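J.: First the structure, then my questions, so here it is.
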Amino acid sequence: MTQQTYRVGVDIGGTFTDIFLLSESGDHVAIGKVLTTPQHPAEAVVHGLRELLTDQGLTPQSVAHLVHGTTLITNAIIERKGAKTGLITTKGFRDALEIGRERRYDIYDISLENPEPLVPRFLRREVTERLDHTGRVMIPLDPDEALVVIQELVNDGIEALAVCLLHAFRNSAHEQTIKQLALTHFPQLACSVSSEVMPEIREYERTSTTVANVYVQPLAKHYLEQLNADLRAIGLPRDISIMLSNGGITSCQVASAYPIRLIESGPAAGALAAVFHGTHRQMDRVISFDMGGTTAKICLIDHGKPLLTTDFEAARVYRFKKGSGLPLKVPVIEMIEIGAGGGSIARVDKLGLLKVGPDSAGAEPGPVCYDRGGTEPTVTDADLVLGYLSAEYFLGGKMRLNLEKAQQAIAEKIARPLGVDLIRAAWGIHQVVNENMANAARIHLVEKGRDPRDYGLIAFGGAGPVHAYRVAERLKLKTLVSPLAAGVTSAFGMLTAPLAFDFVQSYVSPLSELDFVALARLYHDMEERGRVLLETAGVEGTVTLSRSADMRYLHQGFEIRVALPNTPLTQADLPALRRAFDEEYERLYKRLNPGVEVEVVNWRLVASGPTPDIRLPSPAQQGWTVAGARKGTREVYLPERGGFAQCEVYDRYALPSGIAFSGPAIIEERECTMVVGMAARVTVDREQNLVITLP
């Protein structure tokens, strides 16, 4: 008899590490949630997986595929814990990293602080060489000079080397020469060149991205090798796959070469899970709302596709001020992230105002109610005081919460300074964090020209379902959906992702002057690289190639993404290219400039394997009723009733498909709790989603 095999998704969050196990046949699901081990994140992965497999009576050999998302790259850049890195640039461009765009991200801040470059000036060196904008060699590179420069940097103690030469995106020969010299003479060095990491125009962004990639490369390589070794040691039969920020997955080998592509791997998986559930419910427009222990992530999904961007910032000086971070040109699912999670710390500021976040208690020590040494009141503490969380059933009873300590912390540090009672202080914390999230979503929607009322909300994450109803209420949404196992939905999202990788190549040209022979060669090279990469990663089946281009009016400062046909372009396609640009530009900006020439800046390709066929089991439910799902009642704070009132508490796992009931209600599962307000209608659909209709 053939042994059942399983797919596993693992998401390391700031507070918890989530594990989602699904049989290949789709008839069995199991989930695990353990506290993250920030100093050694692999420990939580191995411990949590071993514990889950043991609980299910399974062996590690039954795991056919494991996909992992990690915050390691983000944390290494924020905490400046990467390798000691050197940079080689074209003569005259040594200070591009510090000059940046010469743009103030806050024109009213007289003490404005810019992010420190990852490479200090004494480790940035120049070589004599020059290409023009077409890639033609104007000044040849002297290999002997380049080797001397590399030797000087090695003598200064560098562990990693970034190479970013002017116009290398059009001709990579000089960069490749330096890379080969470095790897031949100093094989211990990690080395990244811009023509491989980001072959695009814009010197500052290209340099910043290349530096960040090699800065975290040794750390990523060591972590992935160690994690694979640890998992093999417990019996896992094959290497894991890694979640990318663009919503695809790749092999450890590719992830180690381009670790900067993992910068948003965990949040991307959450958006993919929202795509999965929204598609199955035939929801055309969805707001993905993922609230964990540290942050809340919000993503817009239109027609089953999340918004994508290649403009990302890491390690912002001011976390929520655009422009204050290190620019990274990597493909990511576009979302907004705010410091609003279960562990977000509440405080009274110098003006006597209640503030929540962005700082978080994290996993260590965690909220006060975790009873692990935390002293600062958090959102989770407030939710417990308000009755939304059960002290006995947190994590299915595996972790008991300390209500008395939560009450004491809020009373002393929030209620007393504000001159209010305990409950009003706790409700204030709950309201402030809800408004922070709703306001961030509202602004994001307006910036994208979207009306919130056209969307439904899909809520998940350990804290998402507790707060989703009030957030939806503030956004005037009518539909709220929370999937089964909402507390580990991001880990599930990893199982829905195909193997995929993005490629880009700058070739700037007005439409009327395009060299279609050169363009065909450019796309042929990217397509070949894509096929080889996916086949090496183990893709079985058809490889899908999707083309697009970054286009703009001639001499504009920024571009828009325009979809292209997946067939070779010819002169006859020029009118269609112009129409495609006009349609997208008008959709975004509601106006056109018909007399202005259009130019293309970057040509893009996404190579992807088949999307996994994911099926979730339908539990047996014969004879189940709402009455049978009731666990009892408890006192919870309901603002509509002016205080605490008895509220029905339901067992999430005992609610049958097709059942309907009215709020207020508390619906508990092991990893999260759904709070439903007054006058709302709750139904359970055939996919086991909670569907809440707001009044």
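Only the coordinates and a few stated rules stand behind these numbers; no lab work does. In this text the structure is predicted, and so the values were computed from the model without any measurement. Glycine gets a Cβ as well: all are built from the backbone with ideal geometry, and neighbour counts include every protein chain shown.
J.: So what's the projected area for the range 82-214, the Cα convex hull averaged over all directions, in nm²?
T.: Mean shadow area of the hull around the Cα atoms is 8.2 nm².
J.: Return, for the Cα atoms of the range 500-608, the radius of gyration and Dmax in Å, separated by a comma.
T.: Every Cα atom of the range 500-608 included, Rg and Dmax give 14.9, 49 Å.
J.: Report the rotationally averaged projected area of the chain based on its alpha-carbon convex hull, in square nanometres.
T.: Average of the hull's projected areas for the chain equals 32.3 nm².
J.: In 10 Å bins starting at 0, how do the alpha-carbon pair distances of the range 331-404 split up by percent?
T.: The calculated distribution, bin by bin, is 20, 44, 25, 10, 1.
J.: Which order do the peptides 521-529, 487-495 take when ranked by the mean count of other beta-carbon atoms within 10 Å per residue, highest first?
T.: Put in order of decreasing packing, that is 487-495, 521-529.
J.: Quick one: Cα centre-to-centre distance for the range 373-405 and the range 549-571, in angstrom?
T.: 52 Å
J.: Helix 422-447: angle to the longest alpha-carbon principal axis of the chain, degrees 0 to 90, nearest 10?
T.: 40 degrees
J.: Let me ask you something else. Would you please calculate the Kirkwood hydrodynamic radius of the range 19-130 over all C-alpha pairs and express it in Å, rounded to one decimal?
T.: 19.0 Å
J.: If we count every other residue with Cβ under 9 angstrom of Gln4's Cβ, Lys/Arg +1 and Asp/Glu -1, where does the sum land?
T.: -2
J.: To the nearest whole percent, what portion of all C-alpha pairs in the range 303-344 is separated by more than 16 angstrom?
T.: Within the range 303-344, distances greater than 16 Å cover 48 percent of Cα pairs.
J.: What is the helix-to-structure angle for 265-280, meaning the angle in degrees between its Cα long axis and the longest Cα principal axis of the chain, kept from 0 to 90 and rounded to the nearest 10?
T.: Tilt relative to the chain: about 60 degrees.
J.: My understanding is that a pair violates if its Cα-Cα distance is over 27 Å; which of Lys33/Lys631; Lys448/Lys478; Lys305/Lys631; Lys322/Lys413; Lys33/Lys476 do that in this structure?
T.: Checking Cα-Cα distances, Lys305/Lys631; Lys322/Lys413; Lys33/Lys476 exceed 27 Å.
J.: Moving on. Taking neighbour Cβ counts within 10 Å as the exposure measure, how do Arg50, Arg587 sort from fewest upward?
T.: Arg587, Arg50
J.: Among Thr570, Thr693, Thr70, which comes first, then next, by fewest other beta-carbon atoms within 10 Å?
T.: The most exposed by this proxy come first: Thr570, Thr693, Thr70.
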